[in-house]
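Peer 1: Can you keep this structure in mind? I'll have questions shortly.
The values are calculated or read from the model by the stated rules, or taken from the named source; none is laboratory data. The structure displayed is predicted, hence computed values, not measured ones. As a convention, Cβ positions derive from the backbone with ideal geometry for all residues, glycine included, and neighbour counts pool all protein chains shown.
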Amino acid sequence: MSFLNLGIVAHVDAGKTSLTERLLYAGGVIDSLGSVDAGSTRTDSLELERRRGITIKTAVASFPLRDVTVNLIDTPGHPDFIAEVERALRVLDGAILVVSAVEGVQAQTRVLMRTLRRLRVPTIVFVNKIDRAGARADGLLRDLAAKLSPRIVPLSTPRDLGTPSATALPALPSGRIVELTGDDQLLTSFVRDERSLPYRKILAELTRQSDVQPVFFGSAVTGAGVDALIDGLATLLPTAGGDPEGPVGGTVFKVERDPAGARVAYVRMFSGTLHVRDRLPGGTVTAIEGRDTLPAGEIGRVHGLRDVRIGSFPPSADAQLFAPPTLSTVVVPKDPADRHALHTALTELAEQDPLIGLRRDDEIAVSLYGEVQKEVIETTLAEQYGIPVTFRETRTIHIERPAGTGGAGATLGEYFMAALTLEVSPGAGVEFELDVPIEQVPIHVFRTAEFFREALESAVRTTLARGPHGWPVTDIRVHVTRTGFRSPATTAADFRKLMPIVLTSALRRAGTTVCEPIHRFRLDGPVTTLGATLAALGRLGAAPESSEAGPAEYVIRGRVPAARLRALEQAIPALTHGEGVLESTFDSYRPVAGRP
């Protein structure tokens, strides 16, 4: 049996969950179609998802397609939950990008297609809602080519567009397919005898290499065009690869809790075969739902990994696909007696979404992508954990970077039964170096120099979570040049407690620069509003860097502080008569002006 791990991604409200429901119905998995509006869809299992009519958590469902089992991964569309999408994209063999025939290409649509193309995930575009009033075809195809990919190939043509009876007829633009190959020999054969070429085979090869993006029109609600889409899934997208006999390797892309509170890991295997009783970084596998093994290419729910974390095994330094969250808020229990329970609950939520970035010192704070995510956290804490909470004002997350070099040290017995000398200086990320002779390593406590280094580095990273100005410290090099101990009196706790004292002292001597996050933005709007928009951007804190004006539309590119992005988003509809589209991505950090 072959497997296809298929993701469905879209801007919010494009009809992604409705398409998931339609595919499951066509595959015979469900007996009747659920409705997003009625809260009865299969993949939106959370009560909050059903109430709001949006997908919040990635969901997985399977259906048979000829001789292939499709693992269908429904992802959130709202940008506040982009971290869920990122984890899903790492385990896909192919994707369907859903675009509304009414709203067309939206900001999140662009971000998703850009990421899919960068990862070279074979992608089919499904233009949904052809039955809705205002649906477009030719103009939308031009937008797809201009804003998503110039290498689109329409494989269906809509009829009776914008009416309940809208349908989509198959199309096979043979000349377009040959043109996109860039193969002169094929072009010659096409001119000589157009009927001699295997166009579907050529198109399948180009799609599987992520060189073209086929486009189907249809409606997930009425089912129009869905049969052609399903045929495209079977013939155009690649099935999962990987050697079941190779070394064990895979990715945990989702963690949830079962009714008993135990962790359940969603695992995609890329190599080897996972067995019950195998040991992984998060523990020992006690069960794999519905089977005894999980071979390469498959997705399964794995039990027994008590300390499992989202990520790859063996560990790999995967680059982050989307921007880190740039907002933060303090969570306050309405009943002060719930403080410990609140921290426990947020710790569980951080297991499911590591980018929540839980921090606890005098207060409990979480990282956010937006206000909708804050509302979801509030509702989840109240309904699932019975902890009513309030939030302080949302703030922009800043970072601190060392402004220079600084050193500090402590002698044996000055604070604890340990000695430590170190120096901090500018670096890249967080760099840690232990540079001491073996006789300065307390072997009676840590057994090896490597265990000692790991313990000190852990204490360093914990300390750097809050710098002199209260923000995380990064782009720093910490160089430990001397340690000391007394056997057998010195314990691991002595070094763990001493490191924050010495490191904080060194940071204060070096000084730190507080930096704010900056977003790069692109704004499309009607050319008649260009002058007014350019004049207003400066007042909104944005810095335009280039502008291009066409006959009907303009494009402005520039940078804006993350703290001003929300105000810019709110102003765009009025500035552009409701026609502007703002797309933003994290760019960099820069020093704040004035006193931090």
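Peer 1: State yes or no: is ILE387 more than 25 Å from the chain's Cα centre (by Cα) and either among the hydroxyl-bearing types (Ser, Thr, Tyr) or surrounded by 15 or more Cβ atoms within 10 Å (Cβ to Cβ) (or both)?
Peer 2: So ILE387 passes the test.
Peer 1: Do any residues in region 543-570 that are under 15 Å from ASP524 (Cα atoms) have Cβ atoms under 8 Å from those of residues that are at pLDDT 90 or above and assigned to a loop (DSSP other than H, G, I, E, B), where the two are at least six apart or on different chains, and which pairs are they?
Peer 2: GLY558/ALA542; ARG559/ALA542; LEU568/ALA542
Peer 1: Can you tell me which residue among GLU457, GLU439, GLU431, GLU414 is in a loop (DSSP other than H, G, I, E, B) and charged (D, E, K, R)?
Peer 2: GLU414
Peer 1: Does THR528 qualify as being of a type in the set (S, T, N, Q), more than 31 Å from the chain's Cα centre (by Cα) and farther than 20 Å from ARG395 by Cα?
Peer 2: When the stated conditions are applied, THR528 passes them.
Peer 1: Take ALA542 and decide whether it is at pLDDT 90 or above, small (Gly, Ala, Ser) and buried (at least 18 other Cβ atoms within 10 Å of the Cβ).
Peer 2: Considered against the rule, which asks whether it is at pLDDT 90 or above, small (Gly, Ala, Ser) and buried (at least 18 other Cβ atoms within 10 Å of the Cβ), ALA542 comes out as yes.
Peer 1: Inside region 114-139, can you point out the residues that are of a type in the set (A, V, I, L, M, F, W, C) and without any contact (Cβ under 8 Å) to a residue 40 or more places away in the chain?
Peer 2: Listed by number, the residues that qualify are ALA133, ALA135.
Peer 1: Quick test of your reading of the structure: PRO325 fulfils all but one of (1) modelled with pLDDT under 80; (2) closer than 29 Å to LEU342 by Cα; (3) surrounded by fewer than 17 Cβ atoms within 10 Å (Cβ to Cβ). Name the failing condition by number.
Peer 2: Among (1) modelled with pLDDT under 80; (2) closer than 29 Å to LEU342 by Cα; (3) surrounded by fewer than 17 Cβ atoms within 10 Å (Cβ to Cβ), PRO325 violates only (3).
Peer 1: Those residues that are crowded, with 17+ Cβ neighbours inside 10 Å and at pLDDT 90 or above, I need them from region 577-596; list them, please.
Peer 2: Listed by number, the list holds a single entry, TYR589.
Peer 1: Let me ask another. Could you look through region 491-523, keep only residues that are in contact with a Leu (Cβ under 8 Å, 6 or more places away or on another chain) and part of a strand (DSSP E or B), and pick out the one that is surrounded by the fewest Cβ atoms within 10 Å (Cβ to Cβ)?
Peer 2: Residue satisfying both the conditions and the ranking: ARG522.
Peer 1: In region 114-140, what residues are of a type outside the set (Gly, Ala, Ser) and touching a strand residue (DSSP E or B) at 6+ places or on another chain (Cβ under 6 Å)?
Peer 2: Selection gives LEU116, VAL121, PRO122, THR123, ILE124, VAL125, PHE126, VAL127, ASN128, LYS129, ILE130, LEU140.
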